[in-house]
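Each remark here refers to the structure printed beneath this line.
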Amino acid sequence: MGIISRAFQGRPRDHDEKLPPGQYLVHDFPVLSAGPTPRVPLDRWEFAIDTPEGEVHRWSWEEFQALPQETPTVDLHCVTKWSKFGTEWKGVSLDVLMEDVESAAEYALAYSHGGYTTNLPLEDLLDGKAWIVYEFDGEELAPAHGGPARLLVPHLYLWKSAKWVKGIRLLNEDWPGFWETAGYHNYGDPWREQRYQGD
Amino acid sequence: MEHLDYQDGNALAGPLSEIFTFDVTVAQGTCAGCGRRGALAELRVYGPEPGLVARCPGCEEVVLTFVRGPKDAWLDLRGSVSLRIPITE
């Protein structure tokens, strides 16, 4: 038996198991920014998905609100090493948005107001793994956190959850985004600690 | 007055001194977005995490990014046409 019992280790064991390697738990919601915060009026907000085959699907704010809504509760993992457990969101699953999209594309590039981009395999947006969210913790999503709406892909590091998202471009070839071309990992799996290129 | 969420380009001096032997903030840069010329000290620097993002004060386009990992550093000069570096004899 060890000198120090588990009871004195400070954190419940299930927290340790929910925390990817190299991460620490926070209770606030840090804001990291790579540029000025865009302010997007709802009457001019639009979300689009386009395909290499030339299809474009668009939703106004009203059309987006009329889609089936989900309320995912997820853990967030930022590449700067903080994690936040049990965050509550409201939004639309990418499965709903992709329902009528026909394409052979295997890659996706999310793009945002302000010029931010991030890439990921299309399959990482499907099967209940990703949402376009517009409420956090029961309140409308603040601009600092990506409001009016952001992408939420909680199984990857948080830079993949593009703030101020305005569309997703489906692609036949992978097209690295803002941080992925600036030194960060192309995929960004927190459980494999894929922080930087070469990890 | 609205709180500024960036620092001026002098915030680049410390991190980039690890790579360059001269003070980068006095170098004159030309923005690829709008052609504006000025000292790197005039850029608007966001970060430092997940990386430094220096934007043109004229058009807000990204002039350079700097990401410092534990084993490598990445300097991306995506929005910089040129850097004019004063050389002292």
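The values are calculated or read from the model by the stated rules, or taken from the named source; none is laboratory data. The model shown is predicted, which means the values in this text are computed figures rather than measured ones. So basically every Cβ, Gly included, is an ideal-geometry build from the backbone, and we count neighbours across all protein chains shown. The area values use the complete protein model at the heavy-atom level, side chains included, leaving out ligands, DNA and RNA. Shrake-Rupley method; radii C 1.70, N 1.55, O 1.52, S 1.80 Å.
Annotations for the structure displayed:
- Note on A:Glu53/A:Val96: beta-carbon distance plugged into 1/(1 + (r/R0)^6) with R0 of 30 Å gives a FRET efficiency of 0.90.
- FRET efficiency, 1/(1 + (r/R0)^6) with R0 22 Å, evaluated for A:Trp175 and B:Leu77 via beta carbons: 0.65
- If R0 is 22 Å, the Cβ-Cβ spacing of B:Cys59 and B:Asn10 corresponds to a FRET efficiency of close to 0.60.
- Rounded accessible area per residue of the protein assembly as shown, 1.4 Å, Å²: 52 Å²
- Estimated purely from DSSP H runs of n ≥ 4, each contributing -39500 (n - 2.57), the mean residue ellipticity at 222 nm for the protein assembly as shown is -1000 deg cm²/dmol once divided by its residues.
- Apportionment of accessible area to carbon and sulfur, segment A:83-199, percent (1.4 Å): 45 percent
- For segment B:7-80, the dipole from Cβ point charges (+1 on Lys and Arg, -1 on Asp and Glu) about the Cα centre works out to 140 debye, to the nearest 20.
- Per-atom-type breakdown for segment B:7-80 gives carbon and sulfur 47% of the accessible area (1.4 Å probe, protein chains only).
- Ranking B:Pro50, B:Thr30, B:Ala11 by Cα position along the charge dipole of chain B, where only Lys, Arg, Asp and Glu carry charges on their C-beta atoms, puts B:Thr30 farthest toward the positive end.
- Spatially proximal aspartates and glutamates relative to A:Lys160 (Cα-Cα < 12 Å; intrachain offsets below 8 disregarded): A:Asp124, A:Glu180, A:Asp189
- Interface burial for A against B (accessible surface, 1.4 Å probe, total of both chains, Å², rounded to 100): 1500 Å²
- The charge dipole of the protein assembly as shown, taken about its Cα centre with unit charges on the Cβ atoms of Lys, Arg (+1), Asp and Glu (-1) only, comes to about 1100 debye.
- Between A:Ala144 and A:Thr71, the contour length at 0.36 nm per residue exceeds the alpha carbon distance by 24.2 nm.
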